[in-house]
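Peer 1: After the structure tokens below, expect a handful of questions from me.
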Amino acid sequence: MSSANHSTQSDASGNLLRSLDYSVLQQCMHCGMCLPTCPTYVETGRERHSPRGRIALMRAIADGELEVNANFGEEMYYCLGCLACTTACPAGVDYPNLFETARAEIERKGVLDSRKRRSVRWFALRLVFTRPRLLRALGRLLWLWQASGLQSLSRRTGLTRLLPGQLADLEPQTPRIQRHFSDTLIAPVERPTGPTRHRVAVLTGCVQDLAFSDVNRATVEVLLANGCEVVTPRAQACCGSLHAHNGDTTTARELARRQIDAIDPDSVDAIISNAGGCGSHLRHYDHLLAGDPAYAARAVTWSRKLRDIHEWLAEIGFRRPTAPAHAAAPEPQRVTYHESCHLCHGQKVSRQPREILRALPGVELRECAEATWCCGSAGIYNITQPETAAWLQTRKVGHVQATGASIVATANPGCHLQLENGLKRATPAGAAVPSVVHPIVLLAQAYAAEARATGRAST
Amino acid sequence: MNSTSPQPAARPALPELFLRDLRAAFPESAVLTRHEDLIPYGFDGTAALRQLPGAVVFPRDAAGVAAVLRLARTHRVPVVSRGSGTGLSGGSIPVPGCVVLCLGDMNRILELDTKNLTLLAEPGVITQRIYDTADAAGLFYPPDPGSMKISTIGGNVSENAGGLRGLKYGVTRNYVMGLEVVLADGSTVWLGNKCVKDVAGYNLRDLFIGSEGTLGVITKVLLRLLPKPAARQTLLATYASMDAAAETVSAIIAAKIIPCTLEFLDQRTLRCVEAFAKVGLPTEAEALLLIETDGHPAAVADEAERIEQICRAQSALAVRRAASADEATRLATARRSAFSALARLRPTTILEDATVPRSELAKMIRFINETAARHQVEVATFGHFGDGNLHPTFLTDERNQAEMHRVEAAMKEIFDYALSLGGTLTGEHGVGLAKKAFLPRQLGDPTLELLRAIKRTLDPEGLLNPGKIFD
Ligand SMILES: Cc1cc2nc3c(=O)[nH]c(=O)nc-3n(C[C@H](O)[C@H](O)[C@H](O)COP(=O)(O)OP(=O)(O)OC[C@H]3O[C@@H](n4cnc5c(N)ncnc54)[C@H](O)[C@@H]3O)c2cc1C
Ligand code: SF4
Ligand code: SF4
């Protein structure tokens with residue numbers, strides 16, 4: 001997500017929306033073309049819950065006609081931040097910038113403040129998601145809890161019901177933690193067996209690393225298979241998207257600096273992200289750090305080199321695998337693709353993942369309706385707005401089921417968990433639950449099958 | 001143009017008793033009165049016009065609409081009807097101290113009659129859904145305003161909206177067979193029916209089409225559908241000058257060909273549209289025509305061929321045919337975004353709607369460009385060339401007073417010139433607030449007085465969208 005530099009300063013009153021370049025607000029000419037793509041507007045039919053309505057509220061604040069109050073705060077946290085409106089908007093309104101500025105102003109003013117909200121935010125944004133080691137330690141504990149059988153024991157005995165309401169609902173949503181994190185699975189530098197054509201750095205993410213370190217491994221595999229030397233720094237920090245998204249720009253900047261310290265953008269051809277939500281934010285480090293003389297130049301290079309994995313593979317002309325991943329399967333496997341909001345709307349990467357899926361032997365890609373609609377995960381939205389999140393999840397799962405696909409491909413950890421949980425709940429007992437897989441994992445499997453088939457070692 | 005101050009006036013409060021009665025008659029979620037809820041209803045798609053309403057109400061049916069109108073009458077509160085607020089003349093902009101009656105929650109398609117080829121819809125149904133519903137049954141609803149993916153059918157009827165297919169298929173009016181209307185006194189009338197012919201009494205249905213919410217509230221629309229054309233072909237022709245494009249249009253029509261679509265884009269518009277839609281438009285051209293012919297496959301093939309020849313004879317730089325139905329849809333969709341896409345260039349985008357007899361197009365275009373240059377204002381022009389309907393769009397900044405004055409001066413000259421060519425101020429967007437000041441010049445006093453007499457008869461208290469079209 002972008003966060004323009006001018007939102008660092010503020011006017012005399014300190015109001016961030018008021019200090020925003022007014023033309024950013026004026027850019028919206030209230031044509032309404034974004035309304036039918038906005039999930040919250042479709043849910044309620046009220047203008048206030050639409051992109052154009054929210055921008056009107058921000059403009060009223062900038063004009064001094066409206067105070068930043070709790071109603072405005074709630075409105076901006078009802079917004080999913082899914083950015084469907086930016087894809088729909090012909091006028092080129094910079095909604096990401098407006099959205100982050102508005103949330104930052106809400107936090108600055110503290111209009112939603114409560115002891116509970118403060119402590120949760122502090123715990124998540126300032127403590128856990130700034131300290132990779134702490135996050136991992138928590139992840140490890142969670143893994144022990146799941147692996148030891150304690151989780152299922154306490155679920156069966158109803159112990160989890162002792163958790164306070166919302167947390168109890170969430171407990172089944174906690175990701176299945178991987179036994180090994182990326183540090184164990186990926187060496188700091190790995191080289192392809194064939195000729196090296198590119199040198200790239202891989203970002204392992206934080207949630208991705210805990211719950212989907214297999215995706216990170218697969219990412220390295222496919223890069224190696226396509227002639228890339230892969231550099232993967234250890235114990236990477238969170239990219240800061242969660243913070244920027246939730247009005248904590250200061251921490252977001254600090255985390256961006258740490259990323260740039262860990263990976264010198266000049267030393268690689270591309271910096272690869274494999275999580276839609278992170279990539280969308282990582283691409284905009286140039287805006288985020290524009291006001292920081294020590295980092296601005298490197299941040300520009302960083303943004304220029306940042307690529308989503310699918311985008312990069314399409315750009316370098318990835319090699320099409322020749323053997324199906326499951327050679328034994330008689331019929332083609334039916335796959336559908338759910339687009340992560342921040343991959344398709346935030347990064348405009350929509351064609352490339354499909355190109356990869358279509359290149360898989362033995363796989364048939366079936367489009368699902370509303371593929372670009374938010375699934376309701378939206379960062380921590382399913383914690384803050386459980387009802388809307390559940391409505392979107394049900395809607396999404398229905399469309400997925402209608403395709404008859406046995407695999408849903410998606411490229412973002414939040415979507416992955418949201419779909420997995422939704423499908424599990426919606427599939428009748430006894431029927432097979434469609435599996436959720438990252439497109440890159442499917443590609444890696446196909447390369448591996450190909451290697452097995454030809455008897456070559458996987459490169 | 002009527003530029004009210006960009007700062008909305010303080011909100012005149014609604015009578016307490018009116019609000020109390022409104023709240024008693026509707027569920028909580030159907031009555032909005034909080035400041036944050038009202039701000040987003042203070043504008044429509046028109047630039048530089050804003051006014052906060054006193055409240056917004058969302059009825060679910062005609063009885064609810066009637067209840068609002070009765071309460072409004074009792075308490076002398078003006079009522080402004082609203083669909084999706086995409087209007088371009090300020091029709092649904094609130095008047096001070098009014099209640100906005102939003103029809104968005106009345107959004108059911110009530111019947112698709114495949115025997116009589118009609119569709120009955122509530123006013124809040126989105127135009128695109130009407131098209132899609134007909135399409136799924138092998139039928140065709142032709143009017144396709146650029147805003148169709150969000151405009152309501154009630155709004156389309158109230159503005160008599162046109163679209164990209166007007167040349168061959170006409171405008172919304174040509175598809176309205178019947179209307180249910182709630183009148184100012186709360187009574188409900190049905191105008192029209194499913195009969196192809198009907199001469200019983202005055203044709204009052206047509207009176208309400210294009211009445212901009214000033215005569216009654218439309219609560220049901222009965223639409224005529226057509227069989228879906230079997231084939232379509234889209235062509236793109238590029239030109240080194242706008243004149244050449246305009247001459248092509250005249251030549252096509254003179255050759256007795258009526259394509260379904262004959263759209264024009266100048267270079268500025270072309271570039272903005274391409275920046276958004278990325279459909280591979282030739283951005284180097286000075287002017288572009290988007291032409292579509294539809295009908296029987298053999299007729300389409302023949303027409304496409306002849307159109308191509310005419311374009312070449314009129315010194316088109318290039319003529320290209322859309323390769324597939326998909327590409328044709330992408331091109332039409334891109335064209336629909338033209339107006340919004342122009343907003344990329346300057347903070348304020350003021351769109352005009354002058355329409356002239358088709359034979360006068362080239363003159364009108366030339367005049368627009370000269371006038372813009374003379375007043376040092378930026379104009380981009382696109383439009384439904386086949387209908388003689390131009391959208392010269394001023395690219396400006398509402399906060400720059402001096403520039404806004406120049407824009408107004410240029411606009412006035414353009415209107416006057418269009419009238420002198422036998423044209424009209426507005427081909428499809430309506431008068432609303434934006435063109436109200438210019439209407440007397442076009443209609444003249446006797447006609448205007450007739451309009452007023454009709455308004456007084458149907459709305460004696462003057463509570464339905466007062467101050468729109470005329471004072
Ligand atoms: C990007 C863009 C492209 C456009 N392209 C075109 C185009 O190609 N052709 C064209 O003709 N127009 C076009 N328009 C203008 C606009 O979309 C149309 O006028 C449309 O019909 C308005 O529909 P709406 O639902 O938004 O109505 P609104 O803007 O909400 O209302 C329009 C008028 O109708 C009245 N009204 C609404 N519903 C009712 C009802 N049920 N009963 C009584 N009165 C009612 C309102 O009071 C108001 O006067 C475009 C607008 C935009 C923003
Ligand atoms: S599409 Fe863009 S310009 Fe139009 S209302 Fe939405 S945000 Fe504003
Ligand atoms: S980000 Fe998503 S939810 Fe928020 S206004 Fe845009 S489309 Fe609506």
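Peer 1: Just to be sure before I move on: is B:Thr261 buried (at least 20 other Cβ atoms within 10 Å of the Cβ), more than 30 Å from B:Val100 (Cβ to Cβ) and among the hydroxyl-bearing types (Ser, Thr, Tyr) in the structure I sent?
Peer 2: yes
To keep it simple, each residue is scored yes or no on (1) within 14 Å of chain A (Cβ to nearest Cβ); (2) in a loop (DSSP other than H, G, I, E, B); (3) surrounded by 20 or more Cβ atoms within 10 Å (Cβ to Cβ).
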residue	(1), (2), (3)
B:Leu288	no, no, yes
B:Ala299	no, no, no
B:Asp302	no, no, no
B:Arg306	no, no, no
B:Cys311	no, no, yes
B:Thr329	no, no, no
B:Arg335	yes, no, yes
B:Ser340	yes, no, yes
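Peer 1: Considering each of B:Leu351, B:Leu331, B:Leu361 in turn, give the residue that is out of contact with any Cys (no Cβ under 9 Å at 6 or more places or on another chain) and modelled with pLDDT under 90.
Peer 2: Values: B:Leu351 fails: modelled with pLDDT under 90; B:Leu331 fails: modelled with pLDDT under 90.
Every option except B:Leu361 fails the conditions.
Peer 1: If you don't mind, there's one more thing I want to ask. Out of the residues in region A:34-84 that are aliphatic (A, V, I, L, M) and within 18 Å of B:Ala48 (Cα to Cα), which is nearest to ligand 2 (Cβ to nearest atom)?
Peer 2: A:Ile55
Peer 1: Out of curiosity, is B:Val199 in the same structural domain as B:Ile126 (by TED's automatic domain parsing) and surrounded by fewer than 23 Cβ atoms within 10 Å (Cβ to Cβ)?
Peer 2: yes
Peer 1: State yes or no: is B:Thr46 open to solvent by 30 Å² or more (accessible area, probe 1.4 Å) and among the polar types (S, T, N, Q)?
Peer 2: On the way: open to solvent by 30 Å² or more (accessible area, probe 1.4 Å): no; among the polar types (S, T, N, Q): yes.
Considered against the rule, which asks whether it is open to solvent by 30 Å² or more (accessible area, probe 1.4 Å) and among the polar types (S, T, N, Q), B:Thr46 comes out as no.
Peer 1: Can you list residue pairs whose Cβ atoms sit under 6 Å apart, with the first residue in region B:136-163 being basic (Lys, Arg) and the second being modelled with pLDDT of 95 or more and within 16 Å of ligand 2 (Cβ to nearest atom)? Count only pairs 6 or more apart in sequence or on different chains.
Peer 2: Hits for this filter: B:Lys149/A:Pro36; B:Lys149/B:Gln128.
Peer 1: Considering region A:28-45 alone, what residues qualify as being out of contact with any Pro (no Cβ under 8 Å at 6 or more places or on another chain) and more than 12 Å from ligand 3 (Cβ to nearest atom)?
Peer 2: A:Met29, A:His30, A:Gly32, A:Gly45
Peer 1: So which residues in region A:31-48 are within 8 Å of another protein chain (Cβ to nearest Cβ), under 25 Å from the mean Cα position of the chain (by Cα) and open to solvent by 10 Å² or more (accessible area, probe 1.4 Å)?
Peer 2: A:Pro36
Peer 1: Can you tell me how many residues in region A:59-90 are within 16 Å of ligand 3 (Cβ to nearest atom), in a loop (DSSP other than H, G, I, E, B) and either away from chain B (no Cβ under 12 Å) or surrounded by fewer than 21 Cβ atoms within 10 Å (Cβ to Cβ) (or both)?
Peer 2: Count: 5.
Peer 1: Still on this model: Identify the residue in region A:169-209 that is within 23 Å of A:Leu242 (Cβ to Cβ) and either small (Gly, Ala, Ser) or open to solvent by 70 Å² or more (accessible area, probe 1.4 Å) (or both) and, among all such residues, is modelled with the lowest pLDDT.
Peer 2: For region A:169-209, the residue satisfying everything is A:Asp169.
Peer 1: Take B:Val249 and decide whether it is over 30 Å from B:Arg346 (Cβ atoms) and open to solvent by less than 30 Å² (accessible area, probe 1.4 Å).
Peer 2: For B:Val249, the condition - over 30 Å from B:Arg346 (Cβ atoms) and open to solvent by less than 30 Å² (accessible area, probe 1.4 Å) - is not met.
Peer 1: Further question on the same structure: Taking region A:228-253 only, how many residues are in contact (Cβ under 8 Å) with a residue 60 or more places away in the chain and either part of a helix (DSSP H, G or I) or of a type in the set (Gly, Ala, Ser) (or both)?
Peer 2: So the count comes out to 11.
The values are calculated or read from the model by the stated rules, or taken from the named source; none is laboratory data. Source: prediction; values computed, not measured. Please note: Cβ atoms are built from the backbone with ideal geometry, for glycine as well, and neighbour counts cover all protein chains shown. Accessible surface is based on the protein model in full, side chains and every heavy atom, while ligands, DNA and RNA are left aside. Shrake-Rupley method; radii C 1.70, N 1.55, O 1.52, S 1.80 Å.
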